[in-house]
Every structure is written in structure tokens, then in C-alpha cells.
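Reviewing the structure listed below.
The values are calculated or read from the model by the stated rules, or taken from the named source; none is laboratory data. Note that this is a predicted model, so its numbers are computed, not measured. Positions of Cβ are backbone-derived with ideal geometry, glycine not excepted, and every protein chain shown enters the neighbour counts. The area values use the complete protein model at the heavy-atom level, side chains included, leaving out ligands, DNA and RNA. Shrake-Rupley method; radii C 1.70, N 1.55, O 1.52, S 1.80 Å.
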Amino acid sequence: RGKALQPLFKMSYSCSKAGDPRPGYPYKGGNFCAFLPENEEGLKIAKLLKEAFECGLTFQIKSCNGEERVTWGPIPHKTSWDGGKARNGYPDAQYLHEVGTIL
């Protein structure tokens with residue numbers, strides 16, 4: 001597989017804000033890991049994902065069984081090295097192009 005970039009996002013417990021499902025209520029954070037190939041295109045996408053994260057576009061808060069929690073947002077991430085597109089993993093020959101278009 002070669003070398004891989006592994007962006008890790010750590011989201012803390014906090015309170016939701018205006019625009020979230022239940023503003024002012026606490027939500028549960030978590031650790032999120034995504035994978036990119038360590039090549040020129042993967043590095044380019046990593047920079048774009050960092051910008052998206054800094055703009056608050058990477059995650060969203062959803063209600064689940066009466067509890068607010070952080071989940072992945074609308075930007076697709078590869079969370080596994082295998083399993084293919086159906087399991088958010090590789091191989092997926094179109095992923096870098098598709099996520100680059102979204103970003």
C-alpha cells in the first residue's frame with residue numbers, strides 16, 4: 001500500500017450552537033481517523049481537508065437516541081484501507097477526484 005497519511009480529528013465534549021439540532025445542549029465528541037495516500041494528490045487533498053475542518057465543514061452534530069453527538073459531515077472520508085467504496089475504504093479509484101471536486 002505504500003505510505004499513508006492518517007489525519008486524526010479529536011472532537012471534545014462541548015455545547016452545540018445556533019444551527020445545530022438542539023442549540024445549547026451538550027454533545028458527545030469522539031476520535032475520527034481518515035486515510036489518504038501519501039502522494040502528490042493525497043497531500044493536496046489533505047490541505048483542502050484541513051481548510052474544510054478549519055471552516056467547520058468536516059463534522060456535524062446529530063441527535064441519536066436523545067443524545068447529541070459529533071458525526072462526519074457531508075465531505076466523504078476514507079475511514080479504512082480496505083472494503084472498497086461501499087465501506088468507506090480503498091480501493092476506490094475515483095475518491096481523490098470526487099473529494100477534490102467537493103472541496
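At a glance:
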| read-out | value |
| --- | --- |
| Options GLY29, GLY24: the member that is of a type in the set (Gly, Ala, Ser) and at positive phi | GLY24 |
| In segment 43-93, residue modelled with the lowest pLDDT [restricted to those that are at positive phi and either in contact with a helix residue (DSSP H, G or I) (Cβ under 6 Å, 6 or more places away or on another chain) or small (Gly, Ala, Ser) (or both)] | GLY66 |
| Neighbours by Cβ (under 7 Å, 6+ apart or cross-chain): first from segment 76-103, free of Cβ contacts under 8 Å to residues at least 12 places away in the same chain and farther than 22 Å from GLU51 by Cα; second of a type in the set (Asp, Glu) and surrounded by 12 or more Cβ atoms within 10 Å (Cβ to Cβ) | GLY84/ASP92; LYS85/ASP92 |
| LYS85, sole failed condition from (1) within 14 Å of the chain's Cα centre (by Cα); (2) over 22 Å from GLY30 (Cβ atoms); (3) open to solvent by 30 Å² or more (accessible area, probe 1.4 Å) | (1) |
| Every pair of residues 6+ apart whose Cβ atoms lie under 9 Å, when the first sits in segment 51-68 and is open to solvent by 90 Å² or more (accessible area, probe 1.4 Å) while the second is in a helix (DSSP H, G or I) | LEU57/GLU51 |
